Each structure stands twice: as C-alpha cells, then as structure tokens.
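Notes to accompany the following structure.
The values are calculated or read from the model by the stated rules, or taken from the named source; none is laboratory data. Keep in mind that what you see is a predicted model, and the values were worked out from it rather than measured. Here the Cβ is made from the backbone with ideal geometry for all residues, glycine too, and neighbour counts use every protein chain on show. Protein only, heavy atoms only, side chains kept; ligands, DNA and RNA dropped before computing areas. Shrake-Rupley method; radii C 1.70, N 1.55, O 1.52, S 1.80 Å.
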Amino acid sequence: MTDVPADTAAAHASNRPVICTRDGFARGFRMATPLALSGVLFGVAFGVLAREAGLSLGETALMSATVFAGASQMAALDLWSAAPSILVLALATFAINVRHVVMGAALRPWFSRLPSSSAHIALWFMTDANWAMSMAEHRKGERDAAILIGSGAVMWLGWVSGSVAGHLAGTALGDPRLYGADVVVPAFFALMLTPLWPGWTRAWPWAAAAGAAVAVHMVLPGYWHVIVGGLAGSLAAAWAEGRRP
C-alpha cells in the first residue's frame, strides 16, 4: 500500500464541508500546548520589561489579554513614555502586524466557508505559530477550523500567565534574553514551516520574500522589512499561480 501525497490528500478532502467543533478545539489545544508552555518564557520577558517601563500588574495583564501580540507589545514598550504618542504606537503596531493581512488571506479558502462569527473569533486567536500549524493541518486535509481557535486559546493562556509571572518576579530574573526567551517563538515558527515547504521548484516566492525582507532591513529602520517581505512573497506567488496552466 502506497502513501498518498499530502497535496493529493488535501485535494480529496477539499470537497468535505468545513466544520468548527469542540473536538477540533480540543485537538488544537493539545497540539499547541508545548508551544504555549515554552511561550510562557516569552511572556515572562514581556512582564519584566513592562514593569521596568512603569506599567502596573493590572495594565500588563490587560494589555496581554486584549492585544495578544508579543512583537507589537515589545515594540510598544520601546516607544513607551510618560505620555506615549498613540499615533506612533499605532503606526508601529500596524507595521509589525500588517503581515496578518496576508496570513488571513491564506486562510480564506478554509475560513470563508464558515459563518462570519466563527471565522472572526478564530482569526482573533491567530498568531504566527498557530497559523503555520493550522495551515500545515489544512494542507493534510484537515477541515475543522476550530483547530486554529484551540491552538490560539492555549497560546493566549500561556502568554497572559507568563506576562503576569514576569511582572510579579520583577527584576529578580535579570535580563530574560539570557534564558533565550526571545527566540522561543521564532524558532518554533521556523520548524513549523517544514510541513508547508512546496519543494524546490515552487520555492522561489519564499526566496523573493526573504530577499526583499533582508534588503529592506539593511536600509530601513523599524519593521518595514516585514511588510515588504510579505508583499513580495505574496505577489510572487500570485504571479506564479496566474501563469500555472
């Protein structure tokens, strides 16, 4: 008996209806639990830095619970002052998170077939890591959209609890980067790209995104490389799809 290629399995599964179930939520929750446990370290790092920036425990917890965006919250702390500029914070947050536009578009074939209420809840829980995890599952034929919600929920719990723990521990932990807390999520995300690998013959949009991001990062400050890299890769992939017979 031969194995069925992932692309073929996904093609066969594409005719199945999209669902959103408790079982899918539970599976996503279990799948992302190791990431959530390691992501607590990242939350601890934020909590320590938030305390140093002058945020109270309640403010730190509220920010993590409602914003739920590690890189954006770290950037906000870098720009924090006694009277922070809301416009500057908003622009920085937009520059960092505009990649979610592309990520959300990639989920459209899956989530556009859900009721809007379920789709919007799922997208609120979307992060880099559980997006990659969910896309890998979708490529293998998964049709339960609650995978994204469950995986995002456990990551949210880890992020908020880590933020609170870091604030309570304060400066006793020292610099959290000494423990490698700043590389936990990027490392996991890099590993999660493996199931999404399209093969060398179709990998050039990845190269276009990486090349554009690196080039912009060398000449422009801030997070513009995220925007340019995402747009370059998306346009390259769209062009490739348009030329495919």
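So, ARG22, is that one more than 13 Å from LEU157 (Cβ to Cβ), among the charged types (D, E, K, R) and modelled with pLDDT of 85 or more or not? Reasoning before the result, please.
On the way: more than 13 Å from LEU157 (Cβ to Cβ): yes; among the charged types (D, E, K, R): yes; modelled with pLDDT of 85 or more: yes.
When the stated conditions are applied, ARG22 passes them.
Could you look through the range 41-76, keep only residues that are β-branched (Val, Ile, Thr) and within 18 Å of HIS100 (Cα to Cα), and pick out the one that is modelled with the lowest pLDDT?
Taking the range 41-76 first, the residues β-branched (Val, Ile, Thr) are 44, 48, 60, 66-67.
After this cut, where a residue has to be within 18 Å of HIS100 (Cα to Cα) as well, the list is 66-67.
On the way: THR66: 92, VAL67: 89.
That would be VAL67.
For ASP144, all conditions in the list (1) open to solvent by 10 Å² or more (accessible area, probe 1.4 Å); (2) in contact with a helix residue (DSSP H, G or I) (Cβ under 7 Å, 6 or more places away or on another chain) hold save one; what is the number of the exception?
The single condition ASP144 does not satisfy is (1).
Looking at (1) assigned to a helix (DSSP H, G or I); (2) at pLDDT 90 or above; (3) charged (D, E, K, R), which is the one condition that is false for ARG177?
(2)
Would you list the helices (runs of 4 or more DSSP H) that sit entirely within the range 24-123 and hold 2 or more residues that are open to solvent by 70 Å² or more (accessible area, probe 1.4 Å)?
Details: elements: 57-67, 70-78, 86-97, 99-106, 108-111.
The qualifying helices (runs of 4 or more DSSP H) are 57-67, 86-97, 108-111.
Among (1) at pLDDT 75 or above; (2) open to solvent by less than 40 Å² (accessible area, probe 1.4 Å), which single condition is ALA215 missing?
Answer for ALA215: the failing condition is (2).
From the set of residues in the range 124-140 that are farther than 17 Å from THR21 by Cβ and more than 13 Å from the chain's Cα centre (by Cα), which is most open to solvent (accessible area, probe 1.4 Å)?
That would be LYS140.
Looking at MET126 and the list (1) in contact (Cβ under 8 Å) with a residue 24 or more places away in the chain; (2) part of a helix (DSSP H, G or I), which single condition is not satisfied?
It fails just one condition, (2).
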